[in-house]
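Read the structure below first, then the notes.
The values are calculated or read from the model by the stated rules, or taken from the named source; none is laboratory data. Quick caveat: nothing in here was measured; it's all calculated off a predicted structure. Neighbour counts run over all protein chains shown; Cβ positions are idealised from the backbone, glycine included. Remember, those area values only see protein heavy atoms, side chains included, never the ligands or the DNA or RNA. Shrake-Rupley method; radii C 1.70, N 1.55, O 1.52, S 1.80 Å.
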Amino acid sequence: MSVRRVRFGDHVVVATDSVIPAEHTFLLVHGIGMGISYFAELRDALLPHGRVVAIDLPGFGDSPEPAESLSMAGMGRLLIDFVTAHSLDHPVLVGHSMGTQVVAEAARQAPDLFPELVLIAPTVNRHERTVGRQTMRLLQDLVGESPKVLALGLQNYVKAGPRWFAKKLRSMMAHRIEETLPHVLAHTLVIRGMEDPVCPHGWAEEVAGLIPGAVLVEIPGRGHETMVKDGVCAAELIADHLVRA
C-alpha cells in the first residue's frame with residue numbers, strides 16, 4: 001500500500017492506495033471517530049476484486065485537524081476534489097456510518113463520477129435524530145462487542161479527540177441524508193448488520209427506498225461495525241452487486 005498526503009486548502013486527506021490497476025477501484029470512507037485502520041479487513045477482502053483506496057477524512061486517523069469543520073455537503077465536495085486530483089476512474093464509493101452521508105453527498109453532486117455506491121449502516125436515522133438517542137444506540141451496539149472492535153475504536157477515537165469529535169457530530173446531526181438520497185442516481189447497495197441498533201431495519205429499508213433501484217442486504221449476527229468483523233462477507237456482497245450492475 002502506498003500512502004498519500006494531499007492538501008486541499010486548510011484540509012488534509014491521508015490515503016492508502018493499493019495502486020495496482022484493475023477494472024474496479026473502491027474508495028472507502030469511514031465513519032465519525034474512525035479512520036483507515038477500521039477498514040483493514042474489508043480492504044484486504046476487496047483487493048482480489050480491484051484497486052482499493054482508503055482515506056482518513058480531515059481530523060481523523062492520521063489526517064490533521066483543520067481549523068474549521070466542513071458540512072457533510074462540504075465533505076462530499078472534498079471527496080470529489082480528491083477523486084479528480086488523483087484521476088480515479090469512476091470509483092465505487094463505499095461509506096460506513098457517517099461516511100455514508102459523505103459519499104451520498106459526493107454522488108449527488110457529481111453523478112457522472114460515481115456510478116456505483118455502497119452504504120454500510122447509513123446514518124442518521126431521521127426518527128432518532130438527537131445526540132442523546134444516537135449515543136444510547138451506539139452504547140447498545142458496544143454491549144458484548146469483541147475486544148478487537150473495541151480496541152480499534154478506542155484507538156481511533158483517541159486520535160480524533162473529543163473536541164473534534166463533537167464538531168463533526170454537530171455536522172453529522174445537522175445533515176438530512178433523507179433529503180439527499182432521492183437525488184442520487186448511482187447503482188446503490190445498502191448493507192446492514194441485522195443486530196445494528198444504530199441503523200435499524202426500518203430505517204435501512206427507508207434509505208434503500210429513497211434511491212431508485214437500490215438494494216438492501218442484511219448480514220446475520222452483525223452490528224454497526226459489520227465490515228470490521230465480517231469484511232469478507234461485505235466484500236462478497238459488494239462484488240456481487242457490481243456483477244448485477
Name the one entry in G61, G95, G31 that is at positive phi and in contact (Cβ under 8 Å) with a residue 60 or more places away in the chain. G61
Tally, over the range 89-104, of residues that are under 17 Å from T16 (Cβ atoms) and either open to solvent by 10 Å² or more (accessible area, probe 1.4 Å) or part of a helix (DSSP H, G or I) (or both): 1
Anything in the range 180-232 that is in a helix (DSSP H, G or I), at pLDDT below 95 and of a type outside the set (G, A, S)? List them, or say none. T226, M227, V228, K229, V232
When the residues of the range 2-21 are narrowed to those that are aliphatic (A, V, I, L, M) and surrounded by fewer than 14 Cβ atoms within 10 Å (Cβ to Cβ), which ends up nearest to F60 (Cα to Cα)? V3
Candidate set from the range 35-57 (those that are assigned to a helix (DSSP H, G or I) and among the acidic types (D, E)); member that is most open to solvent (accessible area, probe 1.4 Å): D44
With the checklist (1) among the β-branched types (V, I, T); (2) crowded, with 24+ Cβ neighbours inside 10 Å; (3) out of contact with any helix residue (DSSP H, G or I) (no Cβ under 8 Å at 6 or more places or on another chain) in hand, flag the one item T84 doesn't pass. (2)
